[in-house]
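A short worksheet on the structure shown next.
Coordinate-derived values only; no laboratory data. These figures come from a predicted structure and were not determined experimentally. Cβ placement follows ideal geometry from the backbone for every residue including glycine, while neighbour counts extend to all protein chains displayed.
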Amino acid sequence: STPPPRLLASSAPLPTPYTVPLPIPALAKPYRSDASADYYELVQRAAEVEILPGLRTPIWGYGGQFPGPTIRARAGRRTVVRVANGLGAPTVTHLHGGHTPPESDGYPTDLVQPGARRDYVFPLEQRAATLWYHDHRMDYTGPQVWRGLAGFFLVGDEEESALPLPSGERDVPLMICDRSFAADGTMPYPARDGGPGAREAFMGGVLGDVILVNGAPWPRLGVDRARYRLRLLNGSNARTYELALPPGGTLTQIGSDGGLLAAPRTLERVRLAPGERADVVVDFAAYRVGDHVELRNLLEEGAQARVMRFTVERDARDDSAIPKTLSRVEPLDPAKATVTRDFQFTSGDLHGHTGWMINGKPFDARRVDAKPRLGDIEIWRLTSDVAHPVHLHLAGFQVLSVGGERPSGPPEWKDTVELREAQTVEIITRFTGYRGRYVLHCHNLEHEDMAMMSTFEVV
Ligand code: C2O
Ligand code: CU
């Protein structure tokens, strides 16, 4: 039997929910732009920031910030991100959702050593979408992301710009994650090998008891009586959310991991496993000035059910709209698939320790488990024991079936999909990107660090 995620209890004094203002991560500015590319530099640094009022919290951040600066890029425009490692440990940076050449993908053993730097080159031959960048170091992704190594990377394109969706200050990225705080403000992370039982306690994943949005605990945001686009990202190590605006508030989903849906869909709740994104539009004109609108996690009760609160502050003009059709999302045809591959996500015993595996094997950077051909359409059948959010690098996919049922809703592109307990999810994908080595893995970061990852090579 698999232990449940380990909930770390904070001993620091926690703020009253909805008193801390929502921070918006600063936009990164290119240090150079030329005819063919934009160049950014992100320096990974240790820093101390105020997350809980009056306490200093040591973090590791891109630019010394948590979340790191937001990069706003254009589809088809080469974007070069220089990551300089000013930390005392090796790092790897991955653009989650990027269709990226293998040398820039952040393969888990492709380390940037302390004091070194590296240019990650992103051609961005892909659709507009809400992506994010984060650490991906083998065996240490969980602790390094927990310390703060994550940020937004928003890709725009002409199709999206032509739509009258909310923009500017009404286009708000929200990175939701959980952490815990010791009395001195630090965010302790359990040592996997910290004595008897430690590894088992770590096995289910690590949960915090404080919900952060853009690095602030249970924040508040003042809004106009107007439509807002909220780019929801679950940046948690192991926590899943079912987000809702009770009572009766609606969320209109317009985008998913892989960009705009074919058509909007109205939801009462949006479920996000670690790594997943959903772009939703909320129309605050449905409320009155002075109303408080809470975003809650329906999977929890008490403090951890709270996420953030919007307060409707004023009447305002709103020229935005949600078009009936959003984007061309052509379904991939299963009849054109050249192969169906099976991937079993299960726990198992290796060298006397319990760990996580794919097809009975722990991650090994010297082994290639699948060799799809460039341009081929493939069906991948993913099966779980307990719940696992599964993420595929390089290529977006479409979900063909969940537990044998075709998903309802408009066609969409995904890069991360939640397998619930003992479930099979079939995805269809096309490897149109680049030849080389990529990974498929569980995005519960503790499962990932405990080897639930597999290498495939596009040939
Ligand atoms: Cu968001 Cu391979 O990771
Ligand atoms: Cu998992």
### Query
Which Cα, out of 79, 93, 149, lies furthest along the positive dipole direction of the stretch 63-149 (beta carbon charges, K/R +1, D/E -1)?
79
### Query
Under a Cβ-Cβ cut-off of 13 Å, what is the net charge of the residues other than residue 391 that fall near it, where Lys and Arg count +1 and Asp and Glu count -1?
-4
### Summary
The answer for GluC sites (Glu not before Pro) in the stretch 414-459 that fall in a DSSP coil and have at most 12 neighbouring Cβ atoms within 10 Å is 421
### Query
So for the stretch 168-315, taking the charge dipole from beta-carbon charges (+1 Lys/Arg, -1 Asp/Glu), which of 299, 289, 205 sits furthest toward the positive end?
289
### Message
Sort 315, 369 by Cβ crowding within 10 Å, fewest neighbours at the top.
### Response
315, 369
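Can you pull out the GluC sites (Glu not before Pro) in the stretch 287-383 whose DSSP state is coil and whose Cβ has at most 11 other Cβ atoms within 10 Å? Mind dumping the intermediate values first?
Values: sites: 294, 300, 301, 313, 378; in loops: 300, 301.
Hits after loop and neighbour filter: 301.
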### Task
Could you work out how far the C-alpha centroid of the stretch 342-389 sits from that of the stretch 5-45, in angstrom?
32
### Using θ = phi - 60° and Karplus 6.51 cos²θ - 1.76 cosθ + 1.60, couplings along the stretch 297-309 (whole Hz; Gly, Pro as x)
9, 6, 7, 10, 10, x, 4, 6, 7, 7, 10, 7, 9
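Placing unit charges on C-beta atoms (Lys and Arg positive, Asp and Glu negative, everything else neutral), compute the dipole magnitude of the stretch 168-315 about its Cα centre in debye, rounded to 20.
Details: 19 positive and 20 negative charges, 45 e Å.
Its charge dipole is roughly 220 debye.
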### Task
Using the number of other C-beta atoms within 10 angstrom as an exposure proxy, rank 454, 161 with the fewest first.
161, 454
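Provide 250, 70, 19, 100 in ascending order of the number of other Cβ atoms located within 10 Å of each residue's Cβ, fewest first.
Working: 250 16, 70 20, 19 13, 100 24.
Lowest to highest Cβ neighbour count: 19, 250, 70, 100.
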### Summary
Counting only DSSP loop positions in the stretch 1-76, the chymotrypsin sites (Phe, Trp or Tyr not before Pro) whose Cβ has at most 13 other Cβ atoms within 10 Å are 31
#### Entry: Separation of the residue 318 and residue 191 label points, Cα + 7 Å toward Cβ, nm
5.3
### Query
What is the Cα coordinate range of the chain on the first, second and third principal axes, sorted by size from largest, in whole angstrom?
59, 52, 48
### Message
Taking amide H atoms as placed 1.01 Å from N in the peptide plane, list the residues 5 or more away in sequence, or in a different chain, whose amide H sits under 5 Å from that of residue 14.
### Response
none
## Note on the structure
Distance in Å, no decimals, from the C-alpha centre of the stretch 251-268 to the one of the stretch 121-181 is 17
#### Entry: Estimated distance in nm for a label pair at residue 435 and residue 457, the labels positioned 7 Å out from Cα along Cα-to-Cβ
1.1
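Could you work out the helix-only [θ] at 222 nm for the chain, with each DSSP H run of four or more residues adding -39,500 (n - 2.57) and the total divided by the number of residues, to the nearest 500 deg cm²/dmol?
Working: 4 runs with 21 residues, N = 459.
Rounded to the nearest 500, it is -1000 deg cm²/dmol.
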### Query
When the chain is fully extended, how far beyond the present Cα-Cα distance does residue 349 get from residue 82, taking 0.36 nm per residue of separation?
92.2 nm
